[in-house]
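*Asks:* This is the structure I want to talk about, given as structure tokens.
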Amino acid sequence: MQVGFIGLGHMGAAMAANLLKAGHDITVFNRNPDKRRGLIDHGARAAARVADACTGDVVITMLADDAALGSVALGEGGIVSALRKGAIHLSMGTVSVELSRNLAKAHAEAGQRFVAAPVFGRPDVATAGKLFIVAAGEPGAIEPCRPLFAAMGQKTFQVGQDPSAANLIKLTGNFMIASVIEALGEGIALVGKAGVDPNTFVDILSTTLFQGPVYRTYGDLIAGRHFEPAGFAAPLGHKDIRLTLAAAESLRVPMPLASLLRDRFLRLLAEGGEALDWSAVGGLAARDAGSVAPATQAPPARLSA
């Protein structure tokens with residue numbers, strides 16, 4: 001399949017590499033052209049402009065936020081103006097419900113198709129082709145994307161015809177991960193100040209009460225204060241909580257815990273945590289308790305936002 005891929009950060013580069021390995025014809029675009037080199041060396045073609053990545057059957061975007069995706073998709077020379085009729089824009093980044101709806105409308109008016117398919121998994125999971133993909137859109141648009149999903153992920157969940165439903169599920173999932181991070185941080189701070197080894201505490205929790213990988217992954221990071229390098233940077237976590245709250249406000253759903261998490265992320269960023277992994281929010285409780293150890297380099301983490 002002829003595929004354009006726009007956005008070659010840690011996640012996007014790994015996803016595009018797996019598409020190449022699966023035999024798809026990939027054209028890549030990134031604002032920083034240096035990030036294209038590894039993929040070009042393995043057979044991808046370089047696009048000088050966004051429009052040059054929109055000549056095939058599908059264009060995939062894996063961009064960090066609404067501003068980046070809105071500019072690439074809706075701006076002059078962007079995806080909507082360049083994509084042929086009937087072609088598919090597959091948006092796989094974490095963006096707002098509102099932008100997803102706007103994109104679905106813009107593509108429909110242009111005679112194009114739009115699928116939202118955000119993913120759960122950190123960069124190492126993306127590299128392994130083991131992402132979990134949440135897809136929403138017209139069934140006739142999702143079906144041609146299945147070979148792409150198979151190359152990038154281990155399972156795809158189809159959640160309806162409204163693309164924004166996938167974005168809402170992704171945001172809600174990230175809110176719940178952030179809630180776990182905060183709870184782990186507070187629990188680790190409590191037992192740690194009493195002299196209990198935090199790694200032992202995490203081991204007990206993650207093998208008994210909370211056996212999901214989120215608890216093991218983030219528990220290990222918080223217990224060891226392994227917040228650098230960031231697998232998922234703190235500003236992105238802050239962005240996702242803001243977008244969750246915006247969706248909640250539009251639906252008139254009170255989310256007091258999400259409001260708390262927004263403030264925790266604001267504090268982390270105000271204290272210079274922009275380069276840290278979002279799990280560093282879980283380290284704030286230890287600071288509050290007066291028992292802070294220096295942050296150290298993170299080992300590879302197993303699960304992501």
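The values are calculated or read from the model by the stated rules, or taken from the named source; none is laboratory data. Everything numeric here is computed off the predicted structure, so don't read it as measured data. Ideal geometry is used to build each Cβ from the backbone, glycine not excepted, and the neighbour counts take in all protein chains shown.
Residues are listed down the side, and each one gets a yes or a no for (1) without any contact (Cβ under 8 Å) to a residue 40 or more places away in the chain; (2) surrounded by fewer than 18 Cβ atoms within 10 Å (Cβ to Cβ); (3) in a loop (DSSP other than H, G, I, E, B); (4) not assigned by TED's automatic domain parsing to the domain that holds residue 112:
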position: 17; (1), (2), (3), (4): no, no, no, no
position: 20; (1), (2), (3), (4): yes, no, no, no
position: 27; (1), (2), (3), (4): yes, no, no, no
position: 48; (1), (2), (3), (4): yes, yes, yes, no
position: 56; (1), (2), (3), (4): no, no, yes, no
position: 80; (1), (2), (3), (4): yes, no, no, no
position: 93; (1), (2), (3), (4): no, no, yes, no
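*Asks:* Please pick out the residue among 80, 58, 72 that is under 18 Å from the mean Cα position of the chain (by Cα), at pLDDT 95 or above and within 24 Å of residue 137 (Cβ to Cβ).
*Replies:* 72
*Asks:* Take the residues of region 206-239 that are among the β-branched types (Val, Ile, Thr) and closer than 15 Å to residue 181 by Cα: which is surrounded by the fewest Cβ atoms within 10 Å (Cβ to Cβ)?
*Replies:* 214
*Asks:* Could you check residue 126 against (1) under 17 Å from the mean Cα position of the chain (by Cα); (2) in a strand (DSSP E or B); (3) over 24 Å from residue 242 (Cα atoms) and say which number it fails?
*Replies:* (2)
*Asks:* When region 98-130 is examined, which residues are found to be charged (D, E, K, R), more than 23 Å from residue 13 (Cβ to Cβ) and crowded, with 18+ Cβ neighbours inside 10 Å?
*Replies:* 113
*Asks:* Also, quick follow-up: Identify, from the list 285, 230, 246, 280, the residue that is in contact with a strand residue (DSSP E or B) (Cβ under 6 Å, 6 or more places away or on another chain), assigned to a helix (DSSP H, G or I) and in contact (Cβ under 8 Å) with a residue 40 or more places away in the chain. Explain how you work it out, then say what you get.
*Replies:* Details: 285 fails: in contact with a strand residue (DSSP E or B) (Cβ under 6 Å, 6 or more places away or on another chain); 230 fails: assigned to a helix (DSSP H, G or I); 246 fails: in contact with a strand residue (DSSP E or B) (Cβ under 6 Å, 6 or more places away or on another chain).
Step by step, each of 285, 230, 246, 280 is checked, and only 280 is in contact with a strand residue (DSSP E or B) (Cβ under 6 Å, 6 or more places away or on another chain), assigned to a helix (DSSP H, G or I) and in contact (Cβ under 8 Å) with a residue 40 or more places away in the chain.
*Asks:* Might you let me know whether region 192-201 holds any residue that is surrounded by fewer than 23 Cβ atoms within 10 Å (Cβ to Cβ) and polar (S, T, N, Q)?
*Replies:* Scanning region 192-201 turns up at least one residue that is surrounded by fewer than 23 Cβ atoms within 10 Å (Cβ to Cβ) and polar (S, T, N, Q).
*Asks:* Separate question: Scan 292, 214 and give me the residue that is more than 18 Å from the chain's Cα centre (by Cα) and aliphatic (A, V, I, L, M).
*Replies:* 292
*Asks:* Please specify each residue of region 177-190 satisfying the condition of being over 23 Å from the mean Cα position of the chain (by Cα) and crowded, with 18+ Cβ neighbours inside 10 Å.
*Replies:* Matches in region 177-190: 187, 188, 189.
*Asks:* Shifting gears a bit: Residue check, residue 178 against (1) in a helix (DSSP H, G or I); (2) modelled with pLDDT under 95, all met but one. Which one?
*Replies:* It fails just one condition, (2).
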